[in-house]
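The values are calculated or read from the model by the stated rules, or taken from the named source; none is laboratory data. None of these values were measured; they are calculated from a predicted model. Here Cβ is always computed from backbone atoms with ideal geometry, including for glycine, and neighbour counts include all displayed protein chains.
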């Protein structure tokens, strides 16, 4: 059998493996947080404790829908980049970035409003509630930084390396979007 | 080729290196330094316990020594030594690659690890080292009962340490999946690499619960959150759950690389292939997998439901199966070969003896009533030291001798090596075996001292004598290797006629490892074909290594590898400062340093391989 270098349709770059494994460990991290939420809930009679209203579904659901909508935008932008249409790729990235930044700002606003209603120092419910939201916001912020960096690099044109960066960034964002959905579901369903 | 892969000279070259061999060596020296510290702590503990009513150290210091001994040996010695030093140095050489998949991330792993070690030891230097045991149970570890910064050193230090190990795990998996030499399909991969792969996956999924646990603890201690106190709806058992979900896979993370080293040394000295090669590979992966399903056997005495206990007891017994497969495979390989009992193989012999002993006492604990009777006695201490010292560290000592000629190009002294084996073997047995009896006689673990007349005196004295014999054995090993490094006979590329690829390159290996990338046709490529036929790619144009497909290892692409970089050490430094600020409760300053770290990451990725 001769070893010939054949052009392969889908070579997974090392960077993809790196991000996929990172996502796996991050997923475990959030799994632990979700598990803790239900563990604490099952140990308590009142959840949320008396005096704290259960989270209302409207804004979190609207926000998460907006955030998830950036996944197809990023997918289209990456497709454009793969075809060498760097202008479209930049525009797509910019759009996604705008939605995500808006999401983060709005989310932090809700976070601050919640802090006025109850505090993490009050109860285990408050502790895990704010820890989960905070961890989620930190991941959104990290994703925004990744994308900002990518956008700045794309201003200087496309390279193979930047395409890998694009692939990796979209993978991370798909993960963050799934997490956003799970965070909302856990917090709404958990507090029934 | 030499020019392309040349190192920057001097200290700066080491600080900015991305060469997996240099990083492996730095890991080795750092972990050995921590091993020495952990050993001194152990000797102080044993001196304190040598006679009843001893007062060598104060009770407060004793708590710190006990905790630091556990933390050091597990997080700063065994894991970074097996993955960081052995894994880093050997995996690329064994799979025919020129470096790890992410060379700069590899450097970052090392600097973060070093920072975490220095961070935790700063606590000891200030007299406020962690002091609630290596498992750090709440409520003892909460602010009310432990108001100093002791536990904060523990929790923040372990988060930092976990980040380092996670980065290393990602790197190992990507390296093993992507960078195997053409022809090295999964079923031809050395068993040591299977062990590292299993460990890397276990680390990836076991560390997050520990990290989250430590984050919860810090939030509760520093900001007044409530995760672990019943009064506000928390639960102290939550700490134990999350800790042991990490803590039991951790045991296999510690012991699996030792299995891998055993399966490297045995075939070489038995002069035959490993018996049941695929079964052993599967068993290594299976041990890591089942390791996740047994954690609650650390909690048999916490009042969990009986159904839960039975599940975990059954799973704990199940681990015996893959472990036994490996034991039989090792024994059969030795007995069906023509074994030559040189020092490395003798250490493996000691390892098998200790592993069987520690395994048998471990299986007893899977029986719930036995566990409930003997938990927290010295019987447990005896059990896990046979496993962790006897079974995990003995192969490491054997491995130090085995690969010493490869790393240094010189032979160790065989006579002294054998003497060091007998000393450490006798020392280990004498230290840990009497602990079984003391435990059965009711001696509880972690006690500061004890009254005379309980029947424990003789055993404790024997254990202390054993500890010093063991220390003498370890010093002989260190002296042997140091002297041999300077005066040893020249070893040549392949002094033992080993089967795997690292023996095909000169000793010490050149910076690029393989002048010609080998083509692999069997698990023991060095044994089946003369050197001339092994060749394949040359790749002398640049800083490059080939990448191949995950399963079959068909050549896929040629990767341009990054060379030395200042960013990893800068990033590790910034993150370490941020953690110090977190320890001092300066959240804003810490945030500033994390921001600088993010900027550093941006700068890190400005350099592209094509440019």
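Does residue A:172 qualify as being free of Cβ contacts under 8 Å to residues at least 12 places away in the same chain and buried (at least 16 other Cβ atoms within 10 Å of the Cβ)?
So residue A:172 does not fit the description; no.
If you take the residues of the stretch B:1-28 that are part of a helix (DSSP H, G or I) and in contact with a helix residue (DSSP H, G or I) (Cβ under 6 Å, 6 or more places away or on another chain), which of them is surrounded by the fewest Cβ atoms within 10 Å (Cβ to Cβ)?
Across the stretch B:1-28, the extreme among qualifying residues is B:15.
Being within 14 Å of chain A (Cβ to nearest Cβ) and in a helix (DSSP H, G or I) is true for just one of B:109, B:116. Which residue is that?
One residue alone meets the criteria, B:109.
Under 6 Å between Cβ atoms, which residue pairs at least 6 apart in sequence (or on different chains) link something in the stretch B:94-105 that is closer than 20 Å to residue B:184 by Cβ and within 11 Å of chain A (Cβ to nearest Cβ) with a partner that is at pLDDT below 95 and in a helix (DSSP H, G or I)?
That search, which allows pairs on different chains as well, returns B:101/A:14; B:101/B:178.
Just checking, how many residues over the stretch A:24-34 are more than 7 Å from chain B (Cβ to nearest Cβ) and surrounded by 18 or more Cβ atoms within 10 Å (Cβ to Cβ)?
The number of residues fulfilling the criteria is 3.
Mind counting the residues in the stretch B:176-201 that are surrounded by fewer than 24 Cβ atoms within 10 Å (Cβ to Cβ), part of a helix (DSSP H, G or I) and within 12 Å of chain A (Cβ to nearest Cβ)?
Number of matching residues: 2.
Can you tell me which residues in the stretch A:116-145 are surrounded by 18 or more Cβ atoms within 10 Å (Cβ to Cβ) and more than 23 Å from residue A:54 (Cβ to Cβ)?
A:139, A:140, A:143, A:144
Kindly list the number of the only condition in (1) closer than 30 Å to residue B:120 by Cβ; (2) away from every other protein chain (no Cβ under 11 Å); (3) surrounded by fewer than 17 Cβ atoms within 10 Å (Cβ to Cβ) that fails for residue B:528.
Status for residue B:528: all satisfied but (1).
Hey, any hits in the stretch B:361-378 for a residue that's over 25 Å from the mean Cα position of the chain (by Cα), under 26 Å from residue B:401 (Cα atoms) and surrounded by fewer than 16 Cβ atoms within 10 Å (Cβ to Cβ)?
No, the stretch B:361-378 has no match at all.
In the stretch A:117-134, what count of residues is obtained for those that are touching a residue at least 24 places away in the same chain (Cβ under 8 Å) and more than 7 Å from every other protein chain (Cβ to nearest Cβ)?
Matching residues across the stretch A:117-134 total 8.
When residues of the stretch B:204-222 are filtered for being more than 7 Å from chain A (Cβ to nearest Cβ) and more than 23 Å from residue B:289 (Cα to Cα), how many remain?
Counting residues in the stretch B:204-222 that are more than 7 Å from chain A (Cβ to nearest Cβ) and more than 23 Å from residue B:289 (Cα to Cα) gives 8.
I'd like the full set of residues that are crowded, with 20+ Cβ neighbours inside 10 Å and either within 13 Å of residue B:130 (Cβ to Cβ) or out of contact with any helix residue (DSSP H, G or I) (no Cβ under 8 Å at 6 or more places or on another chain) (or both), limited to the stretch B:39-54.
Residue satisfying the conditions is B:41 alone.
Considering each residue of the stretch B:395-439, count those that are surrounded by fewer than 16 Cβ atoms within 10 Å (Cβ to Cβ) and either assigned to a loop (DSSP other than H, G, I, E, B) or modelled with pLDDT under 95 (or both), and give that number.
0
On the given criteria, is residue A:75 more than 14 Å from the chain's Cα centre (by Cα), at pLDDT 95 or above and away from chain B (no Cβ under 14 Å)?
Spelling it out, residue A:75 is indeed more than 14 Å from the chain's Cα centre (by Cα), at pLDDT 95 or above and away from chain B (no Cβ under 14 Å).
Take residue A:166 and tell me if it is in contact with a helix residue (DSSP H, G or I) (Cβ under 9 Å, 6 or more places away or on another chain) and more than 14 Å from chain B (Cβ to nearest Cβ).
Judged against the criteria, residue A:166 is not a match.
So residue B:57 fits all but one of (1) modelled with pLDDT under 95; (2) surrounded by fewer than 24 Cβ atoms within 10 Å (Cβ to Cβ); what number is the exception?
Single failed check for residue B:57: (1).
Exactly one of (1) out of contact with any strand residue (DSSP E or B) (no Cβ under 6 Å at 6 or more places or on another chain); (2) crowded, with 16+ Cβ neighbours inside 10 Å; (3) more than 30 Å from residue B:150 (Cα to Cα) is unmet by residue B:541. Its number?
Every listed condition holds for residue B:541 apart from (2).
Might you let me know whether the stretch B:50-64 holds any residue that is without any contact (Cβ under 8 Å) to a residue 24 or more places away in the chain and part of a helix (DSSP H, G or I)?
Yes: one or more hits.
Among B:141, B:169, which is the only one that is over 30 Å from residue B:399 (Cα atoms) and either in contact with a strand residue (DSSP E or B) (Cβ under 7 Å, 6 or more places away or on another chain) or buried (at least 24 other Cβ atoms within 10 Å of the Cβ) (or both)?
Checking each option against the conditions leaves just B:141.
Within the stretch A:160-169, track down each residue that is more than 23 Å from residue A:135 (Cβ to Cβ) and either at pLDDT 90 or above or surrounded by 18 or more Cβ atoms within 10 Å (Cβ to Cβ) (or both).
A:161, A:162, A:163, A:164, A:165, A:166, A:167 - these are the residues of the stretch A:160-169 that are more than 23 Å from residue A:135 (Cβ to Cβ) and either at pLDDT 90 or above or surrounded by 18 or more Cβ atoms within 10 Å (Cβ to Cβ) (or both).
Select from the stretch B:251-288 the residues that are assigned to a helix (DSSP H, G or I) and out of contact with any helix residue (DSSP H, G or I) (no Cβ under 6 Å at 6 or more places or on another chain) and write down the one among them that is farthest from the other protein chains (Cβ to nearest Cβ).
Result: B:268.
Sort through A:87, A:18, A:92 and tell me the only one that's in a helix (DSSP H, G or I) and within 14 Å of chain B (Cβ to nearest Cβ).
Step by step, each of A:87, A:18, A:92 is checked, and only A:18 is in a helix (DSSP H, G or I) and within 14 Å of chain B (Cβ to nearest Cβ).
Criterion first (loosely packed, with under 15 Cβ neighbours inside 10 Å, out of contact with any strand residue (DSSP E or B) (no Cβ under 9 Å at 6 or more places or on another chain), away from chain B (no Cβ under 13 Å) and assigned to a helix (DSSP H, G or I)) does residue A:113 satisfy it?
yes
Answer yes or no: is there a residue in the stretch A:98-109 that is out of contact with any strand residue (DSSP E or B) (no Cβ under 7 Å at 6 or more places or on another chain), within 14 Å of another protein chain (Cβ to nearest Cβ) and surrounded by fewer than 18 Cβ atoms within 10 Å (Cβ to Cβ).
no
Looking only at residues in the stretch B:223-235 that are more than 8 Å from chain A (Cβ to nearest Cβ) and at pLDDT below 95, which one is farthest from the chain's Cα centre (by Cα)?
Residue satisfying both the conditions and the ranking: B:231.
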